[in-house]
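The values are calculated or read from the model by the stated rules, or taken from the named source; none is laboratory data. All of these numbers come straight from a predicted model, not from anything done at the bench. Cβ: placed from backbone, ideal geometry, glycine included. Neighbour counts: every protein chain shown. Accessible surface areas use protein heavy atoms only, side chains included; no ligands, DNA or RNA. Shrake-Rupley method; radii C 1.70, N 1.55, O 1.52, S 1.80 Å.
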Amino acid sequence: MASGATKSAAFLLFIINIALYFIILVIASWAVNHAIHRSYETASLLSIPAHIFPIYFPMGNMATGPLVIFSLISSMVGIVTSLSGLYNMLQLNVPNLHTAAASSVTALSLTLLAMGLACKEINVGWTDANLRTLEVVTIIVSGTQLLCTGAIYGGVQDIHAPSTA
């Protein structure tokens, strides 16, 4: 990157995203583990449609299941994207920056999907403290991932500007 400011901003955002995605991974893993342990005793008393699914989330509301599953997926993709993005940013050449940009857009799209489900769960109603933490961190990480994607694309433009002129 021609300007060091874009590189340092993206580097800092990658570090922040790794920490936030790890927090999401821990909370979503706890929620899945809790649901697996409690689903047999809770779902056996329910009617047929809810009894069919292998995991029943006894906490939260009906948006909890998709939120937890998509948060788990987006956190794993986000951690891998941030780690590979750190490596690609340190290489500082055009193909590596394009790789970091493409993977960052993938992580951003999955994170925005999880953020939409978090907003829906907030809109539907009451959740406990752990799920509220998952919702808040998911919304925060979607903003930082958006900033990180913008910083990477700014770095790509800085690299391309001298080579095309």
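The mean sequence separation of alpha-carbon pairs under 8 Å and at least six residues apart, normalised by the residue count of the range 54-147, gives a relative contact order of 38 percent.
Extension gain for Asn96-Asn130 works out to 8.5 nm (0.36 nm per residue, less the C-alpha to C-alpha distance).
Leaving out ligands, DNA and RNA but keeping every protein chain, what accessible area does Phe11 have, in Å² rounded to the nearest 10, with a 1.4 Å probe? The accessible area of Phe11 comes to roughly 90 Å². Taking packing as the residue-averaged number of other Cβ atoms within 10 angstrom, the listed peptides 118-128, 134-144 run from highest to lowest as 134-144, 118-128. Note: the range 61-165, Cα convex hull, 81 Å³ per residue.
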